[in-house]
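> I'd like to ask you about the structure that follows.
Every number here is computed from the coordinates shown, using simple stated rules; none is lab data. In this text the structure is predicted, and so the values were computed from the model without any measurement. Reconstructed Cβ throughout: ideal geometry from the backbone, glycine too, with neighbour counts over all protein chains shown.
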């Protein structure tokens, strides 16, 4: 076979490689451009405590918690709140409940969650007439482990999206106390605030890199699936870890019954409360501080004491082995001190206080540990809140968001 003489031009392989490299370069630029647009969109979308339109169903381990329902639904609306969609804002009193795990009520069904129960009570015809509103919406943005500083961040990040709320309800305290005790109650004050991922399930603060979790395009696709398909995540054996945590507490090698030096910690609580109530005043016409309900009595039966798992030095719910605990007496006295500081700060900011601390029936029918409510406990809290709101109603309804 005769070969044509070489004419000095580029070999065929190089001729084909040039457009391929150009295509790759253009594809990379297009990917970067789309990724930047997606990041801009996420930043505009903002922060949400719960993923918008998220749905979950838990099958509760009834051997561990027979007081709870066997199946627990958890549904989030388009504003990232646990609760129904808001709908028409005309004549509506819009309430936002913020706090930690007591507010979240993760192991209580959507239909019997305390925030659903109080919304139903306030939407009764006589209650609406007393409030002078067409309807009441209660949005729940509680999330386990949130501290006072975290709640301030929640309101700072989400408040502008709401416009002017009618009311904000704050239930706080245990998150700060438990996190402090988990660190061994250091005398230098409160722990660092939790990272953004522990406060907001949806947020724009993504990493930079080629990992899937760092890509805005992947996050946008995930949100699109939640908003359109609305898949239901199902989990079996929910709450089983609590049985292990309770067993860990029963096997503890030491219980500390002395109250640690909490001066710096309490000063930090007071400072964070001032900041929280200042932000709340910008977000709502009225703020109400609801003191943390607690399972408190002079003497517990062995069966009641066996329900408790908190107060340890360490994180049993994150798989850590905990061998030392503070007693229930110490835990309750610290919550009392936090409540005193919160009430004093609330008075300076004109924040109404609802004393739910010892208002609920102190038994295993109301609580399944120190602070978390059963459906019956949630119903008791809902009635208490209904009565307090009707005794001192907010005179002006909330308006639509300012956009």
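> Normalised by the number of residues in region 303-379, what is the relative contact order in percent for Cα pairs under 8 Å and 6+ residues apart?
So the answer I get is 25 percent.
> Pairing the Cα long axis of helix 263-283 with the longest principal axis of the chain, what angle in degrees results, from 0 to 90 and rounded to the nearest 10?
The two axes meet at around 70 degrees.
> Next up: Want the number for residue 26 to residue 188: 0.36 nm per residue separation, take away the alpha-carbon distance, what's left?
52.8 nm
> Would you mind checking the tilt of helix 375-391 against the longest principal axis of the Cα atoms of the chain, expressed as 0 to 90 degrees and rounded to 10?
The angle comes out at about 80 degrees.
> Just want the ordering: 182, 303, 320, from fewest to most Cβ atoms lying within 10 Å of their own Cβ.
Ordered by Cβ neighbours within 10 Å, fewest first: 303, 320, 182.
> Now for a separate question. Classify the chain: rounded, prolate or oblate, from the alpha-carbon gyration tensor (a ≥ b ≥ c, eigenvalue square roots; a/c under 1.5 rounded; otherwise prolate if a/b is larger than b/c)?
Prolate.
> Residue separation times 0.36 nm, minus the C-alpha to C-alpha distance between residue 34 and residue 282: what's the value?
Length gained between residue 34 and residue 282: 85.7 nm.
> Treat each spin label as a single point 7 Å out from the Cα along the C-beta direction, and report the residue 297 to residue 156 distance in nm.
Spacing of the two 7 Å Cα→Cβ label points: 4.3 nm.
> Ok, one more. Just want the ordering: 366, 150, 144, from fewest to most Cβ atoms lying within 10 Å of their own Cβ.
144, 366, 150
> Another question about this same structure. Modelling each spin label as a point 7 Å along the Cα-to-Cβ direction, I'd like the residue 305/residue 211 distance in nm, to one decimal.
4.5 nm
> Same structure again: Return a whole-number percent for the relative contact order of the chain, with Cα pairs under 8 Å and 6 or more residues apart as the contact set.
24 percent
> Once fully extended, how much extra length lies between residue 358 and residue 196, figured as 0.36 nm per residue of separation less the alpha-carbon to alpha-carbon distance?
That pair, residue 358 and residue 196, stretches by 55.1 nm at full extension.
> Can you give me the angle between helix 240-250 and the longest principal axis of the chain, using Cα atoms only, in degrees from 0 to 90, rounded to the nearest 10?
In the chain, helix 240-250 runs at an angle near 50 degrees to the longest axis.
> Just for the chain, what percent of DSSP beta bridges are antiparallel, to the closest 5?
25 percent
> May I pose another question? Computed FRET efficiency, Cβ-Cβ of residue 71 and residue 18, R0 60 Å: what is it to the nearest 0.05?
The value I calculate is 0.45.
> Hey, what's the Cα Rg ratio for region 154-200 versus the globular rule of thumb, 2.2 N^0.38 Å?
Its radius of gyration relative to the 2.2 N^0.38 Å reference: 1.50.
> Does region 193-299 come out rounded, prolate or oblate by the C-alpha gyration tensor, with a ≥ b ≥ c the root eigenvalues, rounded set by a/c under 1.5 and, if not, prolate when a/b is larger than b/c and oblate if not?
oblate
> Between rounded, prolate and oblate, where does region 73-204 land on the alpha carbon gyration tensor, with a ≥ b ≥ c its root eigenvalues, rounded for a/c under 1.5, else prolate if a/b exceeds b/c?
prolate
> In addition: Ignoring everything except DSSP H segments at least 4 long, calculate the 222 nm mean residue ellipticity for the chain; use -39,500 (n - 2.57) per segment, divide by total residues, nearest 500.
It lands at -13500 deg cm²/dmol.
> By counting other Cβ atoms within 10 Å of each Cβ, how are 305, 176 ranked from fewest to most?
The most exposed by this proxy come first: 305, 176.
> Which value in nm describes the separation of the simple spin-label points at residue 247 and residue 232, placed 7 Å from the Cα toward the beta carbon?
3.1 nm
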